[in-house]
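**Q** Once you've had a glance at the structure underneath, I'll fire off some questions.
The values are calculated or read from the model by the stated rules, or taken from the named source; none is laboratory data. Note that the structure is predicted; figures quoted are calculated from it, not measured. In this analysis, Cβ positions are derived from the backbone assuming ideal geometry, glycine residues included, and neighbour counts consider all displayed protein chains. For accessibility, only protein heavy atoms count, side chains too; no ligands or nucleic acids. Shrake-Rupley method; radii C 1.70, N 1.55, O 1.52, S 1.80 Å.
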Amino acid sequence: NLEDVFLKVCRAEDEKLVGVSMPPTMASMRANASNGQHLQSVTTAQTKKVSHSTNTVQRFGALIEKNFISLYRQKMLFLIQIVMPMIGIALFCACIGGKLRDLDVVVYNEDSPALLSEIFLTHIDNKTILWNRFADNGSAYNEVKVGNAYGELVFGPNFTAALMARAAATNLQVSDETIAMSTAMFYADLTDMNIYQTLFKSLLETNFAFMKDMLNRSALNPKPNIKALNPIVNVNKDPIYGTTDPKFREFMTPGLIVLMSYLLAIGLTALSTITERREGLLERSLVAGVHMYEILMSHVFVQIIILVFQTSLVMITVFMFFKIDCKGSYLLVFLLSILQGICGMCFGLLVSAIAENTRTALIIIVGSLMPYLIISGIVWPLEGMDSWVQWVATPMPQTLPVIALRNVIFKGWGLKRTLEILMKPIELSIESIGLKSDTNIRRMSSGSDSTKVYPKDSFDRFGDDLCKTDSVLNVCPNNGSEEYSRHKQISFFLIIQSL
């Protein structure tokens, strides 16, 4: 049988190797270990012997070559890693944040004679609203109910006459009935916030255009000043930052750049490290005399090269093809994206140390996606979250980089302001635990009750919910040392998370 054949082959090989020094077998090594010779000292001596034959530069170059060969053998994975960020950001810019068009609205006009109501309809922006006339109110209302239209605009009977009486009234002496008859009602489908806001804005602009048109047609002498219709509070057409017509695409783009750099670096680092360990390359490298820090640095070097290509393609897509204006330095945008990728590498190495296989690693990576996307200020501003969510979100790896990148792109801030944003949690944490002399915590006593007084603004947006503050100082009730201990724990947590 096969066992006999294998035994004969082994004996034949033994006869050929007579007189040749063979490496120690496990049995002989165990025997030596029982005689006081430790197995670890033997392997360490062999490792040192091998490691002395090459220097760090040679080993580092060999590891980099090994990593590139591994990527070359997985061409599809390498291509996906390079192109996927560009495809993702291109799809986002093409699909998200565009102006809504061709929104169906039904119109029921009961006005007789329909003079002013028809003039009002001519001022509706036909690119935004497609309005269709219906002969009866029930059919028009049913179109909205069944989902064929987003709203119904209704002009009541005697709309023109009531509106003219309303305009001719002196000293605003108009009855409630006249006001109701001269008002067009809009019954909307409010389930989609973006569509409703677009319809409301378009109808509001139509209202102002109609009123200006009526003043221009009036026979008043002297002619009224149309600017009198302007709102009391008006947004300056030359804002300090940004534009008067902001888009949701511009708000989310910096966050997606940061998130893609972070997540793709996690995936590639974790999967490549786990694959190397599963195939035995890690153990063979260590036996060959390679140090662990050399393996780590070789992975970082290769990942940074991939990050450079990824970030370059993403920036070309965002700033050249989709014409998103960058007010700040392109180099600073590039460096922030690279640093986020390096942060993702660190987390990827942590995942590879925790996960035993690629399946577990993928579960961890996918599971971390939603918290990062939701609470890091990428989709919605931090100011729209509860105070305790802001406290949790601030130390997250993406929160402050997203804010910093958004300020660089749209406000033109430089390196100094960016570093102030990124270092703020560490600075506030150091201040709050009393490590800076100018912010030491003072105690005030009043009878049996005492209070701890913190410097004003030391908890600005990073823990205001912990204290009930007055208008001058942040004063927290002192119930023994429990609150102070909790405050120190929070401070250390912020320091660790920020680092």
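**Q** With every protein chain left in place and a probe of 1.4 Å, what is the accessible surface of Tyr108, to the nearest 10 Å²?
**A** Its accessible surface works out to 30 Å², give or take rounding.
**Q** Ordering Tyr330, Tyr72 by accessible area with a probe of 1.4 Å, largest first, what comes out?
**A** Result of the area sort, largest leading: Tyr72, Tyr330.
**Q** How would Ile64, Ile80 line up by accessible area, probe 1.4 Å, largest first?
**A** Largest accessible area first, the list is Ile80, Ile64.
**Q** Can you sort Met185, Met320, Met260 by solvent-accessible area, 1.4 Å probe, largest first?
**A** Met320, Met185, Met260
**Q** Mind checking the per residue accessible area of the range 103-217 for me, 1.4 Å probe, whole number of Å²?
**A** Normalised by residue count, the accessible surface of the range 103-217 is 59 Å².
**Q** Using a 10 Å cut-off on Cβ atoms, rank the peptides 158-167, 267-276, 187-196, 113-122 from the highest mean neighbour count down.
**A** 267-276, 158-167, 113-122, 187-196
**Q** Output the pairs from Lys145/Lys201; Lys127/Lys247; Lys127/Lys212; Lys127/Lys323; Lys99/Lys411; Lys145/Lys237 with a Cα-Cα distance over 29 Å in this structure; if there are none, say none.
**A** Result: Lys145/Lys237 exceed 29 Å.
**Q** Within the set of other residues whose C-beta is less than 11 Å from the C-beta of Val408, count the net charge using Lys and Arg as +1 and Asp and Glu as -1.
**A** Numbers: positive: Lys327, Arg406, Lys411, Arg417; negative: none.
Cβ neighbours under 11 Å give a net charge of +4.
**Q** Just to verify a number: what accessible area does Lys127 come out at with the full protein assembly present, 1.4 Å probe, Å² rounded to tens?
**A** Approximately 150 Å² for this residue.
**Q** Add +1 for every Lys or Arg and -1 for every Asp or Glu among the other residues with Cβ under 15 Å from the Cβ of Thr183, and state the total. Each step should come with its number before you reach the end.
**A** Details: positive: Arg166; negative: Glu110, Asp111, Glu152, Asp176, Glu177.
With Lys, Arg at +1 and Asp, Glu at -1, the neighbours total -4.
**Q** Ranked from highest to lowest mean number of other Cβ atoms within 10 Å per residue, what is the order of the peptides 170-177, 348-355?
**A** Peptide ranking by packing, descending: 348-355, 170-177.
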